[in-house]
Amino acid sequence: MKKIYLVLFLASFCIGNAQINWKRSVANGNLPAWMATANNERGTAALNDKMYVVSRATTPPTIRVINGVDGTDAAANVSNYTGVIGGNVPLNDVEVSANGAILACNLMVNGYVSPANDNSTFKIYKWDSETAVPTLYTSYNGSSLTEQVRLGDTFSVTGDISSNAVIFAAGRTVAPTTGFRVIRWIVTGGAVETTPTVITIPALTASTTIVSVTPLGLTATSRFIVKASGNLMTVHNADGSVVPGESIPEAVLPKSANDIRYFEVGLKKYVAAYLYGGTNELAKLIDVTTGFASASTVAVTPALGTVSNGNTSGGIGLKVVPDLVDGIANTITVYTLAGNNGISGTTLVKDGVTVVLGNKDFSAANARKATKIFPNPARNEFYIAIDTDIDKDAQAYIYDIQGRQVKSAKIQDNVQTINIQDLNAGEYVVKVVNGSINNTAKLLKK
C-alpha cells in the first residue's frame, strides 16, 4: 500500500538586516519635530497599525499616536488628561491591552512617604479610546513596604484587561536599603486585584534603575523574565527566586538591553528587546523556541542614531500576525523608540521568513520549501528533506518541551533519516541548522 504523509514545512530563518517600513531618526536626518535630545520620550507601545509614545516635553506629558504603516503623526494624539496628576512625572510609560485600552503610568523616584499622597503613589491610568476621559485603573501607595522604591521607568501589560491579563512594574529601592522589587497585578475576568503582590528578587547591579519584567504566563504561579539595564536576563519563579540555567547568553542578548517582551505565536517562542547605547539604539528579535540557553538571533532593526542616551530610555511595541495553517509562517513587525535618536517600524519576519534587505529571491513560498520533515506524527523515525546544498557541519537537534536537548544527528544527505526509537512518546522541537539557515518545528512522537 502506498503511504501518504502529511508534510510539515519549516520556515527558513537567516540572521540579517530587516525590511525597514519607515524610520524617523537622527541617523536618517528626519527626527520628529516633537522629539528632542533631552530624554523626554521614555515609553512606547503598539497595537495593530498604531504606535504610542509618551513625550514628557509637554505639561502634562502627551501620549503621541503614530501611524504604524508609514510612521506619520496621526491627526490627533490621546487628547484628554483629566485627573492625571502626581508622581515625579505624571506619565512616563504607555502600554496597550489586547482589547485596545490604553494604559499609562507615572514615575515615582522617591515615593512612599507616610501618610501617602498623590506625589507618593504609583498610578496606572486607563483610556478606553484615544478620545476618552482617563480613569485611575489601579494604584499602589507602598503600604506593604518599609522602603522607598522607584517605579514607572517601565511597566508591562500582557493579555486582555477585559478578561485575563497580568501587569508588572519593577524598580530599585532607594531608602533605607538598596534592593529590587517586582509589583504584580493579576486581572481575572476583567477585574484587577485591588492589592498587588510585592515580590523581592535577588540583587542586581546597584546603579540599575530601569527594570523590565515580562511574564511567561497570565496566572499568579507563572514564571517571569527580568531584564535590567546592565544585567543579564534572568528567569524567575513566581516567588522571585531565580531559575538556574534559564538565561539567554550575553552574546545573544547583551547587558545593554531593557524593555524585554516574551511572546508566543503559533509554534514559535520569541523574546524581543530594546538595545541602547553606542551603536545600538535598536531592537532585537530572538528565537527561544528550544529554550533560553539555546536562543538564537532572528534579526535586528536598524540603528536609529548615536546621540547619547544616558538614561537608557526607549522601548518596543509589537504587531504579530499569526499563521493559522502551520503555526510557523507568522509575520512580526517591531516598533522601536530609541531615546534621543528616533522611532521606526520594521518588519523582521514576513510569512515565517526573516526579511533580508537586498534579497531579490525573497519569498515565503521558496523559503518554506527549502526544508521539510515527515511523517509527523512519527513512531520510530522521521525524515528531514532539504532542497538546498548541505553544509559540511549541518546538524539536527531535538529538544523536549522543557527546552532540553535530547538528541542530535549529523545531516549528510538531502533526505536524512533520523531514528527516534529511544525517545518517549510526546511533543518535541526539531531544529535544523544548515549553514546560515536555522529551522524549527514541532514533532509529535507516537
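What follows draws every value from the coordinates through simple rules; no lab data is involved. It should be emphasised that the depicted structure is a prediction, and the values quoted were computed from it without experimental measurement. Ideal geometry is used to build each Cβ from the backbone, glycine not excepted, and the neighbour counts take in all protein chains shown.
Peptide packing for 237-250, 412-425 was compared via the average number of neighbouring C-beta atoms within 10 Å per residue; ordered from the highest value, the list is 237-250, 412-425. Note on the stretch 18-349: Kirkwood hydrodynamic radius from all Cα pairs is 19.6 Å, rounded to one decimal. Tell me the net charge near Thr221. Cut-off is 14 Å between Cβ atoms, Thr221 excluded, with +1 for each Lys or Arg and -1 for each Asp or Glu. Residues close to Thr221 contribute a combined charge of +1. Spin-label pair Ala293-Ser79: with each label point 7 Å from Cα along the Cα-Cβ axis, the two points sit 5.5 nm from one another.
Computed over all pairs of different Cα atoms, the Kirkwood value for the hydrodynamic radius of the stretch 368-445 is 12.4 Å. If R0 is taken as 51 Å, the Cβ-Cβ distance between Ser408 and Leu136 corresponds to a FRET efficiency of 0.40. Here r is the Cβ-Cβ distance between Asn380 and Val242 and R0 is 45 Å; the resulting FRET efficiency, rounded to 0.05, is 0.70. Of all aspartates and glutamates in the structure, those lying under 15 Å Cα to Cα from Lys227, and not within fewer than 8 positions of it along the same chain, are Asp153, Glu246, Glu250, Asp259.
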